[in-house]
Amino acid sequence: MKKITLLMLCLFLAGLATTQGNDLGVKTPSFGGAWLIVGSTEAVRTTDHDAIIVKKEAVLNYKKMKVTVRNTALTITKMNVVYSNGEEETINIPLEIPKNGESQTVDVNSGIRTIKRIDFWYDKEDFTTSKAEVTIFGRK
């Protein structure tokens, strides 16, 4: 009985240690803390900007962010992280994201501020379809 219990415990721990995909089919790294979904939206090629209203349970203390895109490649030219106290943090680096891929990791300085919304501008000429599923992940 002890051997079976020990075997079950080892299998459980081995399962926790592997890299898991999220519900979007995107692999997330297992090092340095978990990547959590901050929010998502569908960007369309008829405009050049969009916003993600941050999920209520995912608003505090992010130090890193990354963006995933499905259905088309997308270049994000600017991001504004808007905090609930009205302050904004502008990220002016281009994020070139391949079709069904993810961006490089971006540092943010949220500290203990609550993130309300993330505005982003993109190059609409990148679109090969009418819309792209854009998801932002954060890591504390």
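The values are calculated or read from the model by the stated rules, or taken from the named source; none is laboratory data. The model shown is predicted, which means the values in this text are computed figures rather than measured ones. Heads up, the Cβs are rebuilt from the backbone with ideal geometry, glycines too, and the neighbour counts pull from every protein chain shown.
Descriptive notes on the structure:
- Among residues of the stretch 116-140 being acidic (Asp, Glu) and over 13 Å from the mean Cα position of the chain (by Cα), the one that is surrounded by the fewest Cβ atoms within 10 Å (Cβ to Cβ) is GLU125.
- Those residues of the stretch 61-105 which are under 13 Å from ILE118 (Cα atoms), assigned to a strand (DSSP E or B) and out of contact with any Asp or Glu (no Cβ under 9 Å at 6 or more places or on another chain), in sequence order: GLU89, THR90
- Unique match (being touching a strand residue (DSSP E or B) at 6+ places or on another chain (Cβ under 7 Å) and either part of a helix (DSSP H, G or I) or under 16 Å from ASN61 (Cβ atoms) (or both)) among GLY138, GLY111: GLY138
- Among the residues of the stretch 98-140, those identified as closer than 18 Å to THR68 by Cβ, β-branched (Val, Ile, Thr) and out of contact with any Phe, Trp or Tyr (no Cβ under 9 Å at 6 or more places or on another chain) are THR105, VAL106, ILE118, THR128, THR129, THR135.
- Test: ARG113 is modelled with pLDDT under 90 and either at positive phi or within 16 Å of the chain's Cα centre (by Cα) (or both): no
- Selection count where residues are of a type outside the set (D, E, K, R), within 14 Å of LYS131 (Cβ to Cβ) and crowded, with 16+ Cβ neighbours inside 10 Å, scope the stretch 41-76: 7
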